[in-house]
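One structure is given here, and the rest of the page talks about it.
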Amino acid sequence: MFWGVWRGEDLSVGPFDYTIDIAIALVWLVALILVAWKNQRRWAKPVVVGFSIPVSLVVGLYSGHQESRQAFNDCVENGETVRAALGEYYDENGRYPENLKSLKMVDLPGSRLLRGSILRYTVAGEGYELFFGDWLVSHAATESYPFTAHK
């Protein structure tokens, strides 16, 4: 399940790029069913394990993918609040922070369960760059420009 959530949270791959993971789980299932077939007296444990592994992988992939979709949509909806907080920080300190944790925001958008936030921040000279994206579209902003989508 952990592996499935970890893989599902990866926004750099599309939802159909998990075929190798599912194929490995199905091979595992077939192997355990063959072991159960060969050893007919003790078939229950291999069959239960054989079915639980692919099912937990698929559930993990789905929940991790949903977690990443939520993080992405959170950044789309609330990314400009980060830009506003960065502007306030600059007005108070005369510079941009080294990281987003220095902002007075309670919840930064884009957080995921295992992989952290999808929102990337870098100080660039006198300004900054904010970025988030998935396998299909990316969004970037600077101190001068709001978030714009790029394919």
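Just so it is clear, none of the values below were taken in a lab; they were calculated from the coordinates. The structure displayed is predicted, hence computed values, not measured ones. Cβ coordinates were reconstructed from backbone atoms using ideal geometry, including for glycine residues, and neighbour counts include every protein chain displayed.
Values for this structure:
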item: Relative contact order, percent, the chain [alpha-carbon distance under 8 Å, six or more residues apart]; result: 24 percent
item: Total charge dipole magnitude, the range 75-150, about the Cα centre, Cβ charges on Lys, Arg, Asp, Glu only, Debye to nearest 20; result: 320 debye
item: For semi-axes √(5λ) of the Cα gyration tensor in Å, calculated from these coordinates, the label among (i) 29, 18, 12; (ii) 45, 14, 10; (iii) 25, 20, 14; result: (ii)
item: Using a Förster distance of 41 Å, the FRET efficiency for Thr122-Val35 (Cβ separation, nearest 0.05); result: 0.20
item: Residue-span extension gain [Glu143 to Ser12] - 0.36 nm each, minus C-alpha spacing; result: 44.6 nm
item: Simple spin-label estimate for Val49 and Arg69 in nanometres, 7 Å along Cα-Cβ; result: 3.4 nm
item: Residues in the range 118-151 that a label on Arg95 would reach, taking backbone N under 15 Å of a point 7 Å out along Cα→Cβ; result: 123-128
item: Estimated 222 nm signal from helices in the chain, with DSSP H stretches of n ≥ 4 weighted -39500 (n - 2.57), rounded to 500; result: -18000 deg cm²/dmol
